[in-house]
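Working notes, beginning with the structure itself.
Only the coordinates and a few stated rules stand behind these numbers; no lab work does. Please read all numbers here as calculations on a predicted model, not as lab measurements. Note that we place each Cβ from the backbone using ideal geometry, even for glycine, and neighbour counts take in every protein chain shown.
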Amino acid sequence: DVKVTQSSRYLVKRTGEKVFLECVQDMDHENMFWYRQDPGLGLRLIYFSYDVKMKEKGDIPEGYSVSREKKERFSLILESASTNQTSMYLCASSTAGGFAEAFFGQGTRLTVV
Amino acid sequence: RKEVEQDPGPFNVPEGATVAFNCTYSNSASQSFFWYRQDCRKEPKLLMSVYSSGNEDGRFTAQLNRASQYISLLIRDSKLSDSATYLCAVNPVGYQKVTFGTGTKLQVIP
């Protein structure tokens with residue numbers, strides 16, 4: 001059974017904290033993605049990576065950075081958490097090429113207080 | 001104009017009804033199209049890919065209209081278990097990024 005696992009289901013952090021969200025996939029996929037999902041705004045792409053150490057900005061990269069040191073792991077970093085980063089964060093992975101199904105992790109609901 | 005647009009709904013339909021959703025996309029070079037299903041408080045899961053010739057999977061039919069730049073999802077004989085949010089996704093040619101619509105909420109009523 002294919003799996004994308006996110007390190008936490010729920011997180012509560014304080015404003016200004018550095019936050020790490022971890023994602024691991026066991027499918028040897030080339031592509032990995034970080035999205036955030038907010039009511040009425042849908043899934044918005046923050047960053048994606050198509051290979052180890054490679055990354056590209058998505059639609060809303062401000063306030064975030066990412067790290068991909070190993071093929072199976074993709075980390076999202078909030079350098080200084082702010083309340084407007086309270087959201088559901090979803091990691092996904094896919095093989096390279098078109099018609100590649102994206103598999104999602106279970107999501108991390110982050111609350112910044 | 002948004003890259004991918006969907007009517008958010010909700011669509012409230014009785015069991016057994018047929019319901020259809022559309023999703024429009026702005027990039028005419030888009031290559032790959034998908035429908036995902038997302039249950040409440042769960043992650044999205046692929047429902048079906050959408051091929052140029054259209055495709056069917058049981059009660060679900062997906063169609064692509066390149067001229068008008070939209071994809072559609074038809075659900076026949078709706079079941080209570082079909083209640084979910086349906087997300088369309090589009091992948092531009094030569095690009096790994098997939099853009100999602102905001103989703104259409106379906107509620108099937110007994």
Subset of the stretch A:25-61 that is in contact (Cβ under 8 Å) with a residue 60 or more places away in the chain and outside any strand (DSSP E or B) - its residue that is farthest from the other protein chains (Cβ to nearest Cβ): A:MET27
Flag for A:GLU22 being part of a loop (DSSP other than H, G, I, E, B) and more than 12 Å from chain B (Cβ to nearest Cβ): no
Within the stretch A:78-105, considering residues that are loosely packed, with under 15 Cβ neighbours inside 10 Å and either of a type in the set (S, T, N, Q) or part of a strand (DSSP E or B) (or both), the one farthest from the other protein chains (Cβ to nearest Cβ): A:SER80
Count of residues meeting criterion [within 12 Å of B:GLN69 (Cβ to Cβ) and part of a strand (DSSP E or B)] in the stretch B:1-43: 8
Count of residues meeting criterion [on the phi < 0 side of the Ramachandran plot and more than 14 Å from every other protein chain (Cβ to nearest Cβ)] in the stretch B:25-56: 2
Criterion (of a type in the set (A, V, I, L, M, F, W, C), within 23 Å of A:LYS3 (Cα to Cα) and in a strand (DSSP E or B)) met by exactly one of B:LEU64, B:LEU74, B:LEU46: B:LEU46
Subset of the stretch B:76-110 [free of Cβ contacts under 8 Å to residues at least 60 places away in the same chain and touching an Asp or Glu at 6+ places or on another chain (Cβ under 6 Å)]: B:ALA84
